[in-house]
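Engineer: Here it is, the structure, as structure tokens.
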Amino acid sequence: MAQASILKQKIRSTREEALEVRPQLINELKQFGIINPEICYNCGMCVAVCGQSGMDHNFPRRTIRCVQLGLEKELLTSVDPWLCYYCGDCTDSCPREAEPAEMMMAIRRWTIAKYDPTGLSWKMYTSFKSFLLISAFWALLPVVGLLILHFLGYAEVVTDSVQLNKFAPVEIIWFASHIYGLYLATVLLIGGYRMHKQVMAEDFKKIDVKKSDYFFTAKEFLDSFFTQRKWRKCGSKEIRRWLRHFLLFISYATMFTLIVGFLWWFQTDEIYPLTHPQRWIGYLATLLLLYTTLDIIIGRIRKRAQIHRFSHHSDWVFPVSLFLVVVSGIFVHVLRYMALPWPTYIMYTFHLMVSTVMLSTEVGVGKWSHLLYRPLAHYLDAVKQRASTRGIASI
């Protein structure tokens, strides 16, 4: 009887594992941009040339195999897709032209959609029409908000001079931006929690992960978040791309801090002298943002580098939207100095529209998601390695 019971448990376990195989997964991933995964025969050349791969992380080979077999759980519990920096060496060396680099990128899109609590990322990634409709909705939010402010008498249009803070009171805009920022941060944090839950679920059963492991490896998250130094393992040809990314991060963070943290100082009707920090810090950040966004856009148009050969519609979101935000901000600045009231107000409204679209899409399908999930992947991997090493040492 006991043997029969054990046999039944094994059969039940085998059936449960079989249910985790999803043959339709490969077609699902194609909606996110995966290319030719069927033709890979697992030769391992991609692993041999990858500077990020190793004994513990045998990618892209293992990841491709999971895709081919429909192992959804294995993909969601692995940090491998986020350890890839998309240098393209694996694709250049692939004898079957299976496009492993683009596959890793597509899986990152898919995992973002899986972690997103709103479900909007899935629609934006898989349907260009849905992406446009959702973006249009976000673009209309600030317009509706300004109309309500004017209707209720909290704002007014002054036409004899430029009075931007009467057209859009800085206190209200500052408060609204923080409420909206809280919503976006909540979406990201829930996504991060879901990633942690997926990645660590199996390891909690196999190894003894302690709270101290999270504390003593926290520097891994900070290092990856602020420097992305592991990018340089991809080789010398990626140094320029890493530097561009670092400059983009610094300029973006600077502008974000000025606007969100010091909007009352940045959005003002007072014209400061050129030597004032408000102007030269803003100008420097603007120039860096223009350079980096144009460099990305031109690269995608030319398609010379591996990372630009294939462009999912979501790949255009960050550089184009950020470019529009920067250019519209420049026009607001120039028109205000030219003392042109209506053009300034119209351009300011457009600036708010594209800023809202950029922030919303970046949390869902763009760089903000990557900015959180990649450092989190390195962090969780460090936590598991520390716990595993302690377990081995105690044997």
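Engineer: Can you tell me how much longer the chain between F137 and Q31 gets when fully stretched, taken as 0.36 nm per residue apart minus their C-alpha distance, in nm with one decimal?
Structural biologist: 35.9 nm
Engineer: Turning to a different aspect of this structure: State the answer as a single residue: which of I34, H312, Q385 lies farthest towards the positive end of the charge dipole of the chain, with beta carbon charges of +1 for Lys and Arg and -1 for Asp and Glu, about the Cα centre.
Structural biologist: Q385
Engineer: Which whole-number percent gives the relative contact order of the chain, counting Cα pairs below 8 Å spaced six or more residues apart?
Structural biologist: Values: 443 pairs, mean separation 86.6, N = 395.
Normalised by residue count, the contact order of the chain is 22 percent.
Engineer: Per residue, what accessible area does the chain have, given a 1.4 Å probe and all protein chains present, in Å²? Let's see the in-between values first.
Structural biologist: On the way: 20550 Å² over 395 residues.
Value returned for the chain: 52 Å² of accessible area per residue.
Engineer: Expressed as a whole number of Å, what is the distance separating the alpha-carbon centroids of the stretch 163-231 and the stretch 259-325?
Structural biologist: Cα centres, the stretch 259-325 to the stretch 163-231: 22 Å.
Engineer: Hey, another quick one. Report, in whole Å, the centroid distance computed from the Cα atoms of the stretch 99-126 and the stretch 332-362.
Structural biologist: About 31 Å separates the Cα centre of the stretch 99-126 from the one of the stretch 332-362.
Engineer: Would you please give the residues with an amide H less than 5 Å from that of L71, counting only those at least 5 places away or on a separate chain, with H modeled from the backbone geometry?
Structural biologist: R22
Engineer: Probe radius 1.4 Å, ligands and nucleic acids ignored: give me the carbon and sulfur share of the accessible area of the chain as a rounded percent.
Structural biologist: Taking all protein chains in place, the chain shows 66 percent carbon and sulfur surface.
Engineer: Let me ask you something else. Read phi for every residue in the stretch 80-94 and hand back ³J(HN,Hα) as whole Hz from Karplus 6.51 cos²θ - 1.76 cosθ + 1.60, θ = phi - 60°, with x for Gly and Pro.
Structural biologist: Rounded to whole hertz, the list is 3, x, 8, 7, 7, 9, 6, 6, x, 4, 5, 5, 4, 9, 6.
Engineer: I need two numbers for the stretch 152-227: Rg to one decimal and Dmax as a whole number, Cα atoms only, in Å.
Structural biologist: 22.4, 71
Engineer: Please flag any cysteine in the chain that has no other cysteine's Cβ under 4.7 angstrom from its own Cβ.
Structural biologist: Lacking a cysteine Cβ partner under 4.7 Å: C40, C43, C50, C66, C84, C94.
Engineer: Find how much the distance from R390 to Y337 grows on full extension, using 0.36 nm per residue of separation minus their present alpha carbon separation; answer in nm with one decimal.
Structural biologist: 12.8 nm
Engineer: Could you give each residue of the stretch 24-39 its phi-based ³J(HN,Hα) in whole Hz, using Karplus coefficients 6.51, -1.76, 1.60 with θ = phi - 60°, and x for Gly or Pro?
Structural biologist: 7, 4, 5, 6, 5, 5, 5, 5, 9, x, 5, 10, 6, x, 5, 8
Engineer: Also: Please list the non-local residues whose amide H lies under 5 Å from the amide H of T227, H modeled 1.01 Å from N, same-chain partners needing a gap of 5 or more.
Structural biologist: The list, which skips near neighbours in sequence, is empty: none.
Engineer: Sticking with this one: Kindly give the semi-axes, whole Å and largest first, of the ellipsoid equivalent to the chain, taking each as the square root of 5 times a Cα gyration tensor eigenvalue.
Structural biologist: 44, 23, 21
Engineer: What figure, in Å² to the nearest 10, do you get for the accessible area of S388 with a 1.4 Å probe and non-protein molecules left out?
Structural biologist: Its heavy atoms expose roughly 40 Å² to the probe.
Engineer: Right, next: Could you give the size of the charge dipole of the stretch 270-395 about its Cα centre, using +1 on the Cβ of each K and R and -1 on the Cβ of each D and E, expressed in debye and rounded to the nearest 20?
Structural biologist: Once rounded to the nearest 20, the dipole reads 520 debye.
The values are calculated or read from the model by the stated rules, or taken from the named source; none is laboratory data. Here the structure is a predicted model, which is why all the values come from computation and not from measurement. Reconstructed Cβ throughout: ideal geometry from the backbone, glycine too, with neighbour counts over all protein chains shown. Each accessible area value is taken on the protein alone, full model and side chains, heavy atoms only, with ligands, DNA and RNA left out. Shrake-Rupley method; radii C 1.70, N 1.55, O 1.52, S 1.80 Å.
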